[in-house]
1. Could you tell me whether any residue of the range 96-104 is surrounded by fewer than 20 Cβ atoms within 10 Å (Cβ to Cβ) and in contact with a His (Cβ under 7 Å, 6 or more places away or on another chain)?
2. Would you mind telling me which numbered condition in (1) out of contact with any Gly (no Cβ under 8 Å at 6 or more places or on another chain); (2) at pLDDT 85 or above residue 72 fails?
3. Across the range 86-133, what is the total count of residues that are part of a helix (DSSP H, G or I) and not β-branched (Val, Ile, Thr)?
4. Pairs please, first residue from the range 362-374 and hydroxyl-bearing (Ser, Thr, Tyr), second anywhere and modelled with pLDDT under 80, Cβ atoms under 9 Å, 6+ apart in sequence or on different chains.
5. For the range 251-258, check the following and say yes or no: at least one residue is under 30 Å from residue 23 (Cβ atoms), open to solvent by 10 Å² or more (accessible area, probe 1.4 Å) and modelled with pLDDT of 90 or more.
6. If the Cβ limit is 7 Å and pairs must be 6+ apart or interchain, which residue in the range 302-320 that is without any contact (Cβ under 8 Å) to a residue 60 or more places away in the chain pairs with which residue that is β-branched (Val, Ile, Thr) and part of a loop (DSSP other than H, G, I, E, B)?
7. Restricting attention to the range 204-229, report how many residues are open to solvent by 30 Å² or more (accessible area, probe 1.4 Å), farther than 22 Å from residue 105 by Cβ and in a helix (DSSP H, G or I).
8. Is it true that residue 122 is free of Cβ contacts under 8 Å to residues at least 24 places away in the same chain and open to solvent by 40 Å² or more (accessible area, probe 1.4 Å)?
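The values are calculated or read from the model by the stated rules, or taken from the named source; none is laboratory data. The structure presented is a predicted model; accordingly, all values stated were derived computationally and were not measured. Cβ coordinates were reconstructed from backbone atoms using ideal geometry, including for glycine residues, and neighbour counts include every protein chain displayed. Heads up: the accessible areas ignore ligands, DNA and RNA and are worked out on the full protein's heavy atoms, side chains in. Shrake-Rupley method; radii C 1.70, N 1.55, O 1.52, S 1.80 Å.
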Amino acid sequence: MSRLAWLVVLLFAASARAQLPERRFALVVGGNVGAAGHARLRFAEADASRFADTLKELGGFQSEDVRVLHQPTRARLLAEVRALEQRIAEAARRSPRRSLLLLYWSGHATEKGLELGSETFTFAELKKLLGASRAHVRLAFVDACKSGGLVSPKGAKAVPGGFALDVTSDESPDGTAILASSGPGENALESAELRGSFFTHHLTAGLRGAADADSDSRITLQEAYRYAYAKTVSHTAEVSGVAQRPTYALDLKGKGEIVLAELRHSDARLVFAPGTRPDRRWLVVRDEGLGEVLELREDPVKPQRLALRAGSYRLIRTTADDVWTGAFALTRGEERTATTVTLTPRPFAERGAKGGEAPRELELFASIGLNTPMLRGMGLTPALLLGGDVTMGASQTLRIRARYQDGRGQDAGLPYALRSMGGDVAWLWRLPVRGLEAGGRLGADAVRQSVASTSEGTTLRGRAGVVLSHSLSLGGRFSWVSEAEAQLASFRLNGRGVLRPAVEAVTGLGFRL
């Protein structure tokens with residue numbers, strides 16, 4: 001091979017090596033429970049899971065390099081950090097690729113540090129951990145009250161213009177960047193409407209395309225912060241009257257951009273055309289998984305694209321005067337325009353109150369069930385149930401049912417039957433998994449027994465149970481509701497009061513009014 005050919009090969013190899021993609025590692029932590037006296041958060045753990053999904057879908061993070069922890073102990077957290085650093089060191093020995101470490105936290109914090117239940121991981125320890133990492137680039141996103149103390153113990157200033165970070169060169173930067181969701185002493189807010197915190201919600205929406213200021217389908221660290229800052233400040237001021245101002249600290253050497261998301265990696269895209277209504281909001285709600293919500297305001301100049309997973313969604317368009325909703329689906333590789341989704345109006349009164357409270361809705365359902373009977377020797381007895389669900393606040397449901405049950409069997413060759421009519425009330429709490437609820441139930445029935453067609457009178461039965469319920473959206477206003485319950489029944493048998501355990505399974509169709 002000639003010298004010229006060898007030179008071309010070497011130059012090509014050097015160029016390929018310089019352009020090798022980073023090996024990216026992430027530790028994503030969410031904790032709903034803080035120290036004693038702090039209210040339990042509703043969405044911190046769900047925020048962590050959604051953010052991790054976004055990193056894996058769009059951020060160039062391989063699934064095996066992303067660790068997600070929910071409510072870890074301090075020991076577990078430190079063990080995961082050590083394991084991640086070992087993977088970073090091993091990757092450096094095997095390949096010349098650069099490495100990036102991203103730490104994300106959503107949960108409670110004080111001026112001292114992050115709260116892991118009754119334990120604390122101080123801000124000083126977090127900074128030391130970042131500084132000791134062998135990764136070339138180290139990023140931290142902290143979504144917690146008073147998290148600005150991580151940026152500066154004596155107070156930090158939020159900069160509306162975004163980072164003071166020059167991006168005029170292709171040279172990759174080295175160093176540390178820390179983004180906090182609030183300033184020192186500020187509270188970080190959650191929204192029931194968005195099903196998450198304001199900061200993580202807008203940061204995630206930005207990574208999915210809302211922050212793409214130059215329309216190059218690449219979301220940089222600078223773009224993501226600018227978008228999350230502006231939206232968090234305006235949105236929190238709008239709903240609470242007090243603006244939450246994210247802060248940041250940078251120690252990066254080099255002038256290259258840190259690209260956090262590549263929209264070309266997405267399953268599908270939803271496109272929003274430019275609009276002239278500054279008060280118009282679009283909410284995109286995923287029907288599967290964690291039911292994440294993405295919010296956009298119309299841009300008067302350029303179209304906006306959201307990178308989404310293939311699946312079923314609901315689109316909600318709101319203004320100060322009306323609310324329109326519609327269901328749609330995205331297939332892999334599809335790019336769809338929001339204006340092609342058929343929307344229908346909803347009564348204005350169904351909207352949530354200012355401050356992000358969930359709207360109160362009524363859903364009616366009809367279902368059938370099978371129940372283990374009161375008396376031994378009988379098979380499973382069928383039940384017919386009619387009722388309704390009423391949403392109570394952001395995360396609870398009141399379920400009221402009327403029921404009819406008919407059971408038959410034989411005892412010593414004699415046919416007998418039990419017929420009951422009654423009702424019950426359940427109070428259910430929504431779990432982090434989309435459509436899943438759990439709670440307790442109390443009920444009472446009038447039970448009539450007959451033996452060999454001869455009535456033996458009527459008795460009263462009381463019931464108390466523990467319920468696990470799941471609702472699956474069928475599109476539009478219909479859903480499929482399934483339920484499992486373990487219960488105790490109290491009634492009189494041969495003149496004595498008895499308690500009998502029972503198990504019930506119910507499934508049926510629901511219709512949201």
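1. For the range 96-104, residues surrounded by fewer than 20 Cβ atoms within 10 Å (Cβ to Cβ) and in contact with a His (Cβ under 7 Å, 6 or more places away or on another chain): present.
2. Unmet condition: (1).
3. First, pick out the residues of the range 86-133 that are part of a helix (DSSP H, G or I): 86-94, 123-132.
Okay, now just the ones that are also not β-branched (Val, Ile, Thr), so 86-87, 89-94, 123-132.
So the answer is 18.
4. That search, which allows pairs on different chains as well, returns 372/378; 372/380.
5. No: zero hits.
6. Going by the 7 Å Cβ cut-off, the qualifying pairs are 310/331; 315/341.
7. Total meeting the criteria: 0.
8. So residue 122 passes the test.
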